[in-house]
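The values are calculated or read from the model by the stated rules, or taken from the named source; none is laboratory data. Fair warning: this is a prediction, and the values are worked out from it, not measured in the lab. A quick note on method: Cβ atoms are made from the backbone with ideal geometry, for glycine too, and the neighbour counts reach across all protein chains shown. To get the accessible areas, we keep the full protein, side chains included, count just its heavy atoms, and leave off ligands, DNA and RNA. Shrake-Rupley method; radii C 1.70, N 1.55, O 1.52, S 1.80 Å.
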Amino acid sequence: MISRRHFMQATAAASAIFGAGALPRLASAQALTEDALTAFETFGNVSLIHITDIHGQLKPIFFREPSINLGVGDAFGRPPHLTGTDFLEKFGIAPGSADAYALSSVDFVELAKQYGRMGGLDRVATVVKRIRADRPDALLLDGGDTWHGSLTCLRTNGQDMVDAMNLLRPDAMTSHWEFTLGGERVKEIVESLPFPFLGANVFDAEWDEPAFEPTAFFERGGVKVAVIGQAFPYMPIANPGWMFPEFSFGIREERMAQVVEEARAEGAELVVLLSHNGFDTDYMMASRVPGIDVILTGHTHDALPEPMMVGKTLVIASGSNGKFVTRLDLDVSGGEVKGFRHKLIPIFSDVIAPDPEMAAKIDEIRAPYEAELSEVIGRTDSLLYRRGNFNGTFDDMLCQAMIEEREADIALSPGFRWGPSLLPGQEITREDIYNGTAMTYPAVYRSTMSGEMLKIILEDVADNLFNVDPYYQQGGDMVRVGGMGYAIDVAKPMGSRISDMTLLKTGEAIEPGKDYVVAGWASVNEGTEGPAIWDLTESWLKRVGTVSLEPNQSVKVTGA
């Protein structure tokens, strides 16, 4: 076995044209070309293509990367828990460059005007076809969160994304939000797929036996490749378990070690984990489960221009919403990875030509809904975005709408990471509303909660995000709160992170024994009643006309 030092020396010698995984250093939009974005010096004998967390986005979008992404414990200050100028400095990215726009939130609005939208599955198809033209037997692997997140996906019960992805021809996929279509619908789709739907950690809840194939084997470049799938492990906690009661989930580390061992015993020379664990969980798994060569991580939507090394395991983060495609070439011999070349390819939609076949399929999918999708509901004077550990402005808008429409004191919006961004001055269409709300349990409840219960909720979500053990990080970002401020010390233990809870409209402290009227959406409880969040938001937006948000300074963060 080669040492990490020799491994890194070998891979440095074989690095991509633009450095060890960095994007091309292009100074302006005028310098961007499709050839430059996709340029790659073919290397080794196995090529992997990774996409993940598309969330139903067939068309190009704006998507602002987080300005706050805190790491705790061993993850403190380690990518992807660097943002803004710290991120740019870490990876040697020039402010104002194409890289800076694609990978950070710095000067996002101005750079968005310069570089335009990103993504679009027809542009992704162009890049995938270019890679396949160069390396015809490249493996295309989908990390999940694919059949979810848009109006057309909701209307077609995921069929729009199934049809589009079948055209892209992945070699395997894993999953998370797919299960919120319901267990029966998932089984129906899986039976129709022309490629494996992998989930080593998904079991039949009644019989406690594997529900899906754990591994798919491929012969590529004279190498036997094992691709193991790992679905999101905390489905019944983060999402409504009553929607898929026939399945059980979990990290199942011992099961993963067993599956890796079995793959090696069957002759696998390269073991790839196609995972939806989330970055920090995969980073820990890489350190604890021997024999994994590459982890293609998903769920946390991180985009890193270089692989992270954990021992001899490469951890690859490929972003979300169709913004990026990763190409990873590997030199594999004697059952070992001798070197690699990596490139995170940004999908600049004004630069990369749409693939005609995929573009036609997207038009066909959207045609029955085009009038509904394109209807203008309002406009925004504010940048609307979601990503970040605490409140994002898209959820500030939703919270304001819920407070006013449901006559509530406080509003709660879940810490979802999915949902594109809207620039100041943009019209807000019905499609834009659905892009941040389309899911299968959308009811906006109105209930009373005590101050004590509100603190319990905040503490529970905070521990899901800031527990120092990644295996206990079980959800998304922090719940977004409207109408109430609070302080959080992320370094403190569970139950003691939240303090100074304040009702914003009066400035009074939240009292543990007092009841407050709370509106929220996406409850995991069966039978939740209320209007759908998209209908409520549309009604509110038609009434107010224009979204104009003041900077949200209601959350005070310490301990980071």
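Summary of computed values
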{"item": "Unmet requirement for Pro368, which otherwise passes all of (1) open to solvent by less than 30 Å² (accessible area, probe 1.4 Å); (2) part of a helix (DSSP H, G or I)", "result": "(1)"}
{"item": "Where a residue in the stretch 418-431 is within 9 Å of Phe63 (Cα to Cα) and open to solvent by 10 Å² or more (accessible area, probe 1.4 Å) and its partner, wherever it lies, is in a loop (DSSP other than H, G, I, E, B) and not basic (Lys, Arg), with Cβ under 7 Å and at least six apart", "result": "Pro420/Gln57; Pro420/Phe63; Pro420/Asn321"}
{"item": "Verdict on Val271 being part of a strand (DSSP E or B) and under 27 Å from Gly339 (Cα atoms)", "result": "yes"}
{"item": "Criterion (modelled with pLDDT of 95 or more, open to solvent by 10 Å² or more (accessible area, probe 1.4 Å) and either among the aromatic types (Phe, Trp, Tyr) or touching an Asp or Glu at 6+ places or on another chain (Cβ under 6 Å) (or both)) met by exactly one of Phe63, Phe43, Phe76", "result": "Phe43"}
{"item": "Failed item, numbered, when Met358 is tested on (1) under 19 Å from Thr156 (Cβ atoms); (2) open to solvent by 10 Å² or more (accessible area, probe 1.4 Å)", "result": "(2)"}
{"item": "Test result for Gly485, over 30 Å from Glu253 (Cα atoms) and either under 17 Å from the mean Cα position of the chain (by Cα) or modelled with pLDDT of 95 or more (or both)", "result": "yes"}
{"item": "Options Ala12, Ala31, Ala20: the member that is open to solvent by 20 Å² or more (accessible area, probe 1.4 Å), touching a His at 6+ places or on another chain (Cβ under 8 Å) and either within 14 Å of Arg341 (Cβ to Cβ) or modelled with pLDDT under 95 (or both)", "result": "Ala20"}
{"item": "Some residue of the stretch 501-513 being modelled with pLDDT of 95 or more, surrounded by 15 or more Cβ atoms within 10 Å (Cβ to Cβ), under 25 Å from Asn69 (Cβ atoms) and not aromatic (Phe, Trp, Tyr)", "result": "yes"}
{"item": "The stretch 487-513, subset assigned to a strand (DSSP E or B) and out of contact with any helix residue (DSSP H, G or I) (no Cβ under 8 Å at 6 or more places or on another chain), residue farthest from Ala443 (Cα to Cα)", "result": "Asp489"}
{"item": "Residue under evaluation Tyr516, criteria (1) closer than 18 Å to Met235 by Cα; (2) in contact with a helix residue (DSSP H, G or I) (Cβ under 9 Å, 6 or more places away or on another chain); (3) open to solvent by less than 30 Å² (accessible area, probe 1.4 Å); (4) hydroxyl-bearing (Ser, Thr, Tyr), criterion not met", "result": "(1)"}
{"item": "Strands (runs of 3 or more DSSP E) wholly inside the stretch 389-468 containing at least 3 residues that are more than 14 Å from Tyr486 (Cβ to Cβ)", "result": "427-429, 444-450"}
{"item": "Condition check for Ile237: surrounded by fewer than 24 Cβ atoms within 10 Å (Cβ to Cβ), in contact (Cβ under 8 Å) with a residue 24 or more places away in the chain and in a helix (DSSP H, G or I)", "result": "yes"}
{"item": "Hits in the stretch 78-124 - residues which are within 25 Å of Ala359 (Cα to Cα) and part of a loop (DSSP other than H, G, I, E, B)", "result": "Gly116, Arg117, Gly119, Gly120"}
{"item": "Residue within the stretch 442-461 that is free of Cβ contacts under 8 Å to residues at least 60 places away in the same chain, open to solvent by less than 20 Å² (accessible area, probe 1.4 Å) and under 20 Å from the mean Cα position of the chain (by Cα) present", "result": "no"}
{"item": "Number of positions in the stretch 519-560 that are outside any strand (DSSP E or B), farther than 21 Å from Val376 by Cα and open to solvent by 30 Å² or more (accessible area, probe 1.4 Å)", "result": "13"}
{"item": "Single residue of the stretch 169-188 satisfying the filter (without any contact (Cβ under 8 Å) to a residue 60 or more places away in the chain and surrounded by fewer than 18 Cβ atoms within 10 Å (Cβ to Cβ)) that is nearest to Glu254 (Cα to Cα)", "result": "Lys187"}
{"item": "So Ile377, is it over 24 Å from Leu140 (Cβ atoms), of a type in the set (Val, Ile, Thr) and part of a strand (DSSP E or B)", "result": "yes"}
